[in-house]
Every structure is written in C-alpha cells, then in structure tokens.
Amino acid sequence: YKEGTEVTATAKVKDESKYEFVNWTVGNEEVSKKAEYKFTVDKDMELKANFKAKDPVEETFTVKVKANDDKMGTVAVDPVKENYAKGDTVIVIAEAKEGYEFVNWTSEGKVFSDSAAYEFAVDKDMELTANFKAKEEPKPPVTEDTFKLNVTVNDDKMGTVKLDPAKESYKAGDVVTATATAKDGYKFVNWTVDGKEVSDKAEYAFKVDRDVTLKANFEKVAADPKPETPKPEDPKDEDKAIQTGDNGVSPIIPLAGLALAAGAAVTVLRKKED
C-alpha cells in the first residue's frame with residue numbers, strides 16, 4: 001500500500017453463539033476494538049484480529065400461571081421472579097373458591113399435574129393453566145331397597161297389634177309376623193291393606209316387598225241370648241186349687257195344703273179333749 005492509503009480491516013466471527021471479537025492489535029498494542037477498523041497506511045504493519053470463546057450464558061426462563069376462570073379459583077407461583085435460572089425449583093399453587101374444585105394443571109393443552117400444589121424444576125419457558133369446575137352434589141350411597149311397615153287397628157279400644165321383628169325399616173324379602181290381640185269383649189276379624197283383606201289369621205306372617213300399612217280389624221263380641229223363662233206346668237189333680245167364696249178375694253189353696261190344714265185342726269181338738 002502507498003503511504004497515505006486508507007484501508008479497512010474487517011474481522012468476522014465464525015459462530016457468534018460460541019465466539020466473539022475482542023480487538024485488533026499490532027504487536028502487543030491494541031489499535032481498535034471495532035471489528036471494522038479503518039486506518040491510513042504509514043508503515044508496514046501486521047494487524048491481528050483477536051477472538052475468544054463466549055462466556056457461558058446462564059439460561060433463564062419465565063413461568064406464568066393463570067386460571068381457566070378467575071371466578072372459580074386463584075393461582076400463584078412460589079418464589080415469585082421475573083426470570084428463573086434453569087434448574088430452579090418452583091411451586092405452582094391453585095386454590096379453588098367456594099362452590100368450586102381444582103381439576104388439574106395444563107400446559108400447551110396437555111395435563112401437567114393433577115396436584116393443586118405442584119413443585120417442579122424449570123427447564124423452559126412455561127405458561128400453566130389451573131383448571132377449576134363447579135362442585136358436583138354428592139350422590140347418595142347406593143343402598144339396598146328398604147321398606148317401612150306400619151300397623152294400625154280399626155279401634156284401639158278393641159285390641160292391640162305388634163310386629164316381629166319390630167324395626168324402623170325392613171329389607172326386601174324379610175319375613176315379618178304381625179300379631180293382633182283382642183281385648184275382653186272383642187274379637188279379631190281380619191287384616192286389611194288399603195281396605196282389602198290379606199288374612200283372617202290373628203298371627204299373619206308375610207314377606208316384605210313394599211311399604212305397607214296393615215290394619216287389624218276387631219269387632220264387639222255379641223252378647224249371649226237370655227235364657228227363656230220356663231212356662232208353669234199344669235197342676236196335678238191333687239194340686240188343683242179349690243176356690244171358695246168370692247172369686248175376687250177367696251184364696252186359692254192347693255188340695256194337698258188343705259188336707260194338711262185339716263189334720264192340724266184334728267190334732268188340736270184331741271189335745272183339748274184330753
């Protein structure tokens with residue numbers, strides 16, 4: 001180059017992800033830190049472009065959380081940072097509001113965790129959604145069919161009733177005995193259900209298959225008929241009465257009685273003669 005010629009020296013990094021330009025030097029003296037170095041030739045020169053490997057860059061990531069519906073629950077990240085280094089441990093927390101329940105965490109449309117509080121190591125940028133839903137009303141436990149039995153009487157002054165066994169409810173197929181006991185002066189008639197007779201036995205055994213109300217029916221025992229008054233028999237000839245004097249006032253004395261009276265009179269006369 002002629003003295004006074006202007007020259008541009010350009011340094012280019014091969015892999016900028018791994019290396020970077022440092023400076024231009026002549027001998028051990030730095031002449032420029034710019035990769036594109038312009039200068040005027042005034043002597044023989046040996047320019048050196050100096051490069052170096054890049055210092056490892058610490059990777060950082062973001063972690064964002066949200067709820068599918070803010071009315072249903074709240075979300076949080078612990079610790080709260082703008083950026084997290086690769087490998088940092090983070091806990092995402094979801095809390096359902098009253099009337100709702102947590103379902104799961106999803107990321108990019110895939111289930112990330114079904115734990116409301118989930119701890120993990122950060123290795124990329126993440127946006128997590130906490131999914132909530134309305135609580136379902138608890139379903140009653142499945143139980144065997146049970147039925148209620150009631151026993152009544154047409155008039156509790158007439159009799160009493162009982163069930164054996166006596167329980168609050170019965171399973172289908174249970175065998176139960178209903179017993180009716182009449183009180184003095186009354187008698188059992190029958191058992192009825194909804195007005196229809198089901199048994200005329202005071203002790204009625206049956207299998208339970210539905211809710212039932214049994215009615216024991218009693219009635220008053222009829223009074224025994226009064227014995228007939230026997231008609232007086234005709235008096236025998238010797239007992240026929242002899243009527244003297246006025247029919248209206250004369251006493252009627254049986255013949256046998258009259259003879260006894262005459263005998264007594266004779267006895268009195270003899271005593272007087274003596």
- Item | Nearby aspartates and glutamates by direct alpha-carbon distance to Lys43 (threshold 16 angstrom, same-chain neighbours under 8 apart not counted) | Glu3, Glu6, Glu29
- Stretchable slack from Glu29 to Ile93, in nm (0.36 nm times residue separation minus alpha-carbon distance): 17.2 nm
- Pulled fully out, how much extra length does the chain show between Ala85 and Glu16, if you take 0.36 nm times their separation in residues and subtract their Cα-Cα distance? 22.6 nm
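Just in the range 145-182: which trypsin sites (Lys or Arg not before Pro) are loop by DSSP and have at most 11 other Cβ atoms within 10 Å? Present the calculation step by step, with values, prior to reporting the outcome.
On the way: sites: Lys148, Lys157, Lys162, Lys167, Lys171; in loops: Lys148, Lys157, Lys167.
When the trypsin sites (Lys or Arg not before Pro) of the range 145-182 are filtered for loop state and at most 11 Cβ neighbours within 10 Å, Lys157 remain.
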- Show which lysines lie in cross-link reach of Lys33 when reach means a straight Cα distance below 20 angstrom and same-chain residues fewer than eight apart are skipped. Lys12, Lys14, Lys18, Lys48, Lys52, Lys54
- Query: For the range 1-106, which chymotrypsin sites (Phe, Trp or Tyr not before Pro) are both in a DSSP coil and crowded by at most 15 other Cβ atoms within 10 Å?
  - Reply: Tyr1
- Global size of the range 60-134 as Cα Rg and Dmax, reported in angstrom: 12.0, 38
- For the pairs Lys135/Lys167; Lys64/Lys97; Lys34/Lys81; Lys148/Lys201; Lys2/Lys38, note any where the Cα-Cα span goes beyond 26 Å. Lys135/Lys167; Lys34/Lys81
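Laboratory data are not the source of any read-out in this text; all were calculated from the coordinates shown. Here the structure is a predicted model, which is why all the values come from computation and not from measurement. So basically every Cβ, Gly included, is an ideal-geometry build from the backbone, and we count neighbours across all protein chains shown.
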